[in-house]
Structure formats: structure tokens, C-alpha cells
Amino acid sequence: MTQAAGLWDQFTVLLASPMTQRSLLAALIVGVAAPVIGTYLVQRRLSLLGDGIGHVALTGVAMGWLVGAATGATDLAAYAVPGAMVAAIAGAVLIEVVRARGQASGDVALALLFYGGIAGGVVIIGLAGGTNANLMAYLFGSLATVSSADLLVTVVMSAGILAVGLGLRTALFAVCQDEEFARSTGLPVRAMTILIAVVAALTVTVAMRVVGLLLVSALMIVPVAVAQLITSSFHRTMVLAMGIGALVCVSGLTITFFHRLAPGAMIVVVAIALYAVVAVVRPLVRARRPRPGPVHPRVADDVRLQPVSQER
Amino acid sequence: MSAVTAANLDVHLGGAQILHDVDVRINVGEVVAVMGANGSGKSTLLKACLGLLPISRGQVHLLGRPLGRAVPWEKIGYVPQRSAQPSGVPATAEEVVRTGLLSRRRWWAGRGGREATASALAQVGLSDRREQPWHELSGGQQQRVAIARALVRRPELLLLDEPMAGVDQPSQEVFASLLGRLKTERLTTVVVLHELGVLRPLIDRAVVIRGGRVVHDGALPPAAPFHDHPDHDHLHPDHGDYDVEPEPHQTTLP
């Protein structure tokens, strides 16, 4: 009891610190925003797209660093986030264009982006006079050092992601659910798939801060994976995934206040643990829910069966 | 006015010529079956007319406008053969039908969307399945959801690709009575079919495609032997080739 009280005191002291407040707020906002676009990616069976974009964004970080070095900026990292954003958008659009061509090489193109993104990042950061250690903050996140300016960027970008992802949800759902039908309605399907890719790239850039580029896709996909275990509609899946994203981000980060662990990795571990718990508990809960209407309609089955005979 | 006009249509897919010089004209208010064996090019013709496949030669006009942005797409309802694979995220029947309200300029279901989807689902006899996940429905029910998604647009031209293939009998009956009702409302309907089956009395004209060419355009062809028994149900999509030679190509239109 006294130990719990001690922990609570420790927590309230931490909460009073502006730095903790900023990192909690950033985690909360990103936790809400990332699963929105993740829902569309899961719907389109493009769960790994976020990973591809994340790897490309690393090259962008290094290129931003190179630009910083070339222009003699005092803070070499100043151009890292803009660089990541530009590279992520370019990579996302490239993947989408290759995919839309309908070639079987789309899978290979994604693989090339994965490897090229990481290798390019490491080589370019060397050229810029940095070391792999400089990349670590981007690879695994840096929630502990969120500045007020960082927080503002996070808020603005997340607002954009939510505006597109929620505002256009019927149209984006139509495109993801049945692309051929969506084209027959006259919707600008190509433009909308590219829009999804661009918003995914923005999500990667904004979530990079929280969980790092290597785990960025987990924050977009795992909350959706948990939500769809329980829900039966697209809309409810998205809303629940947003809630789960916020929950795992805040709780994962809070754990690292008490144990010196990497926040990004902790958030993903909490999310996957939640998935495991829900997957185990769900069959127990589901079994009790009655189905609407008869499972098998009364229909003639078009086969003539021999009268059942007793002997064999 | 003609609802669909395809003139001198050639379509190539993957280097092979699928359609050869196809000429088809469908008048407003007609119910036309496009028939043929598997691989004859009948679905390709439908998709090419909708601009879903590239056309190598010839022109298509829909509702009097050349294929493209000028076509009033909000007046056209399309029912694909198998509407989409089960996707990653569950979606209810109502959510799927609601996407039928969208068009080039309409990106939101908007006001009245709920009533419109409810009435479209009622038309196909699935009011009680509104909240059920689409992937839990039977094949026939999924097909009816796809039809509701096309009807919610209140189309002037309805294009259906094999709506009876692999569909259970209640769904076939619902579909036949629905088509009969739509016919009285003078809705132009083009339906790609293997066999006429229960739809025979509703169809005005048949276009038969063989080897990518129109080989018949006119009266309904008789069913092939063993397919003409009244008890024969066409539940399986993988037969229906014409053993009987259809009448020679008839160029005059009714």
C-alpha cells in the first residue's frame, strides 16, 4: 500500500514537469492519429506499406542532415524531419504508382525500398559527417526530448491526418473496399489512393518521434488488428483503434517513467500484449452473443438422397 | 436514345486480343442479356463499356456521352461479378451499400444516406442484415448487397456481371422478382449471363459473344440440352457452353 502511494507520488511529481507533459501529449495525439490511416492500409491489405515508407524516411533524415551540413546550419538535425517528410511522401507515391500499374514486381519494388532506404540512410549520414548513433533517435524514437516546437508540429500534422482520414472516410472506404466498383461510380480513385499514400507518409513522419521509424508501422497497424477482433463494422473498427492507439501510447510511455526502458519499444510491446489478451479472451465472449436470424435458411438442397438403410 | 453504344470495339489484355470489332447498341428501357461461355469476352465487354479496361480501338457511349468524364456516372449502377475479396477490416452490409451513394462530385453519403441505404437493402430483402458484417453473409446475400449498392444510386442504367453465378435459390428468386419490378419502371438493364434460367421471361434480347465476337444479336437462344429442364438450377458458374449453334448474326435491331 505504501509502495503504491509512493509510486503515485512519483507520478504526480513527474506530471508536474513540462517535459513529461509534452511527451505524454505527443504520445496521446500520435496514438489517436496513427490508427486512422492504418485502418485504410489494413483494409487494402497494405499493412507493410508503413514499414516501406519508414525505411525510406531514414534516407530522408540523413539527407536532411546532409543539407544541414552543406548549408552550415548550427543544428545539423534541423532539416531531419522535413527531409524525412519529403522522402516518405516520395516513397509512398512511388510505391502506389508501382502498385497501380498492377505489375507483379510491386512486391519486389517494396523490398528494394526497404533495403535501399536503410542502406542509403547509413551511407548518407556518414557523408554528412554524422554517425549511426545520430540515426538511433530516429530509428527508435525520442519521446523524452519533445520540445514545444516539436509538439506544435505534431499537433498540426495529426490534425491534417485526422481531417483527411475522418472527413473523407466514406470515399476512402469505398476505394479500399472495392476499387473496381469505386471506379465505376466516377470517384477519382487514382487520386484517392495517392492521397492515402501521402497521408500514410505524414503519419510515418509524425509517429517517427514517438516509436521510431522501425516500429512506426506497428502504431498504425496493431491497434487496428486489436479492434477488428472485436468489432463488425469499419467505422467502429476505426474509432476503437484510435482509442486503443491512445491507450497503448500513454500506458506504454507511463511504464517507462518508472523503469528505464525505451518508450517506443515499450508502447509496441504493450500493444502486442493487448492483441494477445483480446485474441485469447474473444472466443469466450463471442460464444455468448446470439446471431441475428437463422444461420441456415430453409432451402431445398437439390440433391436426392437414398433412403437411409440400416445394414451396410 | 441509346443507353449503351459500343462501336467497332477492340480490347487487348496482356497482348492478346479479347474483343474483335464488337458492335452493340442497347436502347433505353431495354433488358438485354450478354451471353457466352467462360472466356468468350462477355465480362470484358461489360468492363470495357464502363471504362474499367483500356479500349484499343472503337468508341463507347454511355447515356449518350462518350466514355470519360462527360458520362453521368451517378446514373449508372454496376454490379461486379464477385464484389471484392474479403478485406482486412470488417464492414457491415450497410457500410458497403452506402458507398453506392458516391460519385465523381459526391464524396460524402450526406443527408438521407441512411434512409436511402435502408430502402435499397429492403429492395433486395436484406433489411434484417443491415448491421451484419459483409464477410459473414452467404455468397448470394453478398451478391444482393452488391445489387443494393448499385440500386441506391437510383440508376438509369444498370449493368450486372453474372449476378446468378454461385447464388443460392432464394437470392435468385429475389433477384428475378426485383428485375421484373425494375423492368416495369423502364430501367435499362444489361446483364451478363451464362444461362437465361429464371430470368428468361424478363429479357427482351440476347447478345451472344463467342471468341470475342458478336455471333448473335436478337431473339433469346434456346437452352443447350440438359440445361433446359425446368428443374435444372444453375448454381454453378462453370458450365453453359452452347452446344447448339445459335442463329447467324442478325444485324437488324428491334
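The values are calculated or read from the model by the stated rules, or taken from the named source; none is laboratory data. Since we're looking at a predicted model, the values are computed, not measured. For neighbour counting, all protein chains shown are included, and Cβ atoms are generated from backbone atoms with ideal geometry for every residue, glycine included. When the accessible area is computed, the model is the full protein with side chains, heavy atoms only, and any ligands, DNA or RNA have been set aside. Shrake-Rupley method; radii C 1.70, N 1.55, O 1.52, S 1.80 Å.
Taking a ≥ b ≥ c as the square roots of the eigenvalues of the alpha-carbon gyration tensor, the protein assembly as shown is classed prolate because a/c is 1.5 or more and a/b outweighs b/c. Membrane-span-like helices in chain A (whole DSSP H runs, Cα extent of at least 15 Å along the helix axis, mean Kyte-Doolittle hydropathy of at least -0.5): A:2-16, A:18-43, A:49-70, A:80-100, A:106-127, A:148-167, A:189-211, A:216-230, A:234-258, A:263-286.
Based on the mean of other beta carbon atoms within 10 Å per residue, what is the order of B:184-195, B:113-124, most packed first? If you can, show how the numbers build up before the last one.
Details: B:184-195: 19.6, B:113-124: 17.8.
Ranking the peptides B:184-195, B:113-124 by packing returns B:184-195, B:113-124.
The peptide list B:92-101, A:226-235, B:5-14, A:205-214, put in order of mean Cβ contacts within 10 Å with the highest first, becomes A:205-214, B:92-101, A:226-235, B:5-14.
For a test of the definition: using alpha carbon positions, the gyration tensor, and the 1.5 limit on a/c, classify the range A:193-268 as rounded, prolate or oblate. Write down the numbers at each step before the final one.
Working: a/c = 2.85, a/b = 1.30, b/c = 2.19.
Cα axes put the range A:193-268 in the oblate bin.
With a 1.4 Å probe, what is the total accessible area buried between chains A and B, in Å² rounded to the nearest 100?
So the total buried area for this chain pair works out to about 3200 Å².
Give me log10 I(q)/I(0) at q = 0.14, 0.18, 0.22 Å⁻¹ for the range A:46-157, Debye formula, one equal scatterer per alpha-carbon, no solvent. Per q value, in the given order, log10 I(q)/I(0) is -0.59, -0.90, -1.18.
How much of the accessible area of the range B:95-232, in percent, comes from carbon and sulfur atoms when a 1.4 Å probe is used? On the range B:95-232, the fraction of accessible area on carbon and sulfur atoms equals 53 percent. Taking a ≥ b ≥ c as the square roots of the eigenvalues of the Cα gyration tensor, the range A:19-90 is classed as oblate, since a/c reaches at least 1.5 and a/b does not exceed b/c.
Working note: Karplus 6.51/-1.76/1.60 with θ = phi - 60° gives the range B:137-147 the couplings 7, 6, x, x, 5, 4, 5, 5, 4, 5, 5 Hz, where Gly and Pro are set to x. Partner shielding of B:162-175 amounts to 1, given as the average count of beta-carbon atoms from other chains within 10 Å of each residue beta-carbon.
Given an 8 Å cut-off on Cα distances and at least 6 residues of separation, report the relative contact order of chain A as a percent.
The normalised contact order for chain A reaches 28 percent.
Mind pulling the angle between the C-alpha long axis of helix B:169-184 and the longest principal axis of chain B? Nearest 10 degrees, somewhere in 0 to 90. Roughly 80 degrees between the two axes.
Enter the mean number of other protein chain beta carbons within 10 Å of the beta carbon of each residue in B:92-100, as an integer.
Whole-number average of other-chain Cβ neighbours for B:92-100 is 5.
Taking all protein chains as shown and a probe of 1.4 angstrom, B:TRP73 keeps an accessible surface of around 20 Å². Sorted on the mean count of surrounding Cβ atoms within 10 Å across their residues, most packed first, peptides B:138-146, A:9-17, B:199-207 read B:138-146, B:199-207, A:9-17.
Note on A:235-247: average number of Cβ atoms from other chains within 10 Å of each residue's Cβ is 1. For chain A, the solvent-accessible area of protein heavy atoms averages 49 Å² per residue (probe radius 1.4 Å; ligands and nucleic acids excluded). List for the range A:175-215: residues with 40 Å² or greater reduction in accessible area, all protein chains versus chain alone, probe 1.4 Å? The answer is A:GLN177, A:ASP178, A:GLU180, A:PHE181, A:ARG183, A:SER184, A:THR185, A:GLY186, A:LEU187 - residues whose exposure falls by at least 40 Å² when every protein chain is included. Would you please give the residues with an amide H less than 5 Å from that of B:VAL192, counting only those at least 5 places away or on a separate chain, with H modeled from the backbone geometry? Sorted by chain and number, the residues that satisfy this are B:VAL34, B:LEU160, B:ASP161, B:GLU162.
Considering only B:VAL71, B:VAL22, B:ASN38, the residue lying farthest towards the positive end of the dipole of the range B:9-87 is B:VAL71, judged by Cα position with unit charges set on Cβ. In this structure the amide hydrogen of B:ARG57, modeled in the peptide plane, comes within under 5 Å of the amide hydrogens of B:ASP10, none closer than 5 places in sequence on its chain.
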